[in-house]
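Notes for the one structure printed next.
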């Protein structure tokens, strides 16, 4: 059983999971975590499900977590970061969606065995521009408005996010298409999971 911290694993300082559910890809479960150790900080815990390899942290590159100059004081929270997967050159890769203001950057992990880990920005979405250009209903921009990531759906390759004014949107990571998904009243941290049927 995996619990909310993995303090007893041989990985150094205690860490906590930012979201309870892992992303499972090619027989490995991945959790986004934050360590109490400054040298590790935000990272991904990789837990091979076959039991042949030990769990190991995958460090996020500094460039992944860079904030714009005017926003450096604000740290990241669970709604700013979300593990996803995406196809790159015909192969499904672990990816990380990162919110900065009202943009979403998609960073892909080149090889989870390489040390240090190499993260490459694969895609960039300016959500306000996309929605305005495509005529999507968009909330009024007010001070304090923010974009928050909710969950990722592997089957459709899309993620759900919302703005401050309770509008929930779906972003197709392959095409960049955005559609209004519904109205959602957020309460505390997200435990939302997208349910899909064919």
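In region 17-53, the residue that is modelled with the lowest pLDDT out of those that are touching a strand residue (DSSP E or B) at 6+ places or on another chain (Cβ under 8 Å) and surrounded by fewer than 14 Cβ atoms within 10 Å (Cβ to Cβ) is 36. Every listed requirement among (1) surrounded by fewer than 19 Cβ atoms within 10 Å (Cβ to Cβ); (2) touching a strand residue (DSSP E or B) at 6+ places or on another chain (Cβ under 8 Å); (3) modelled with pLDDT under 80 is met by residue 11 save one, (1).
Within region 74-111, work out how many residues are closer than 16 Å to residue 175 by Cα and out of contact with any strand residue (DSSP E or B) (no Cβ under 7 Å at 6 or more places or on another chain). Number of matching residues: 3. I'd like the residue in region 155-197 that is part of a loop (DSSP other than H, G, I, E, B) and modelled with pLDDT of 80 or more and, out of all such residues, is farthest from residue 86 (Cα to Cα). The qualifying residue farthest from residue 86 (Cα to Cα) is 177. Scanning region 72-81 for residues that are closer than 18 Å to residue 124 by Cβ and either modelled with pLDDT of 85 or more or loosely packed, with under 11 Cβ neighbours inside 10 Å (or both) yields 80, 81.
The values are calculated or read from the model by the stated rules, or taken from the named source; none is laboratory data. Just so it is clear, the structure is predicted and the values come from calculations on it, not from any experiment. Cβ sites come from the backbone with ideal geometry, for glycine too, and all protein chains shown count toward neighbours.
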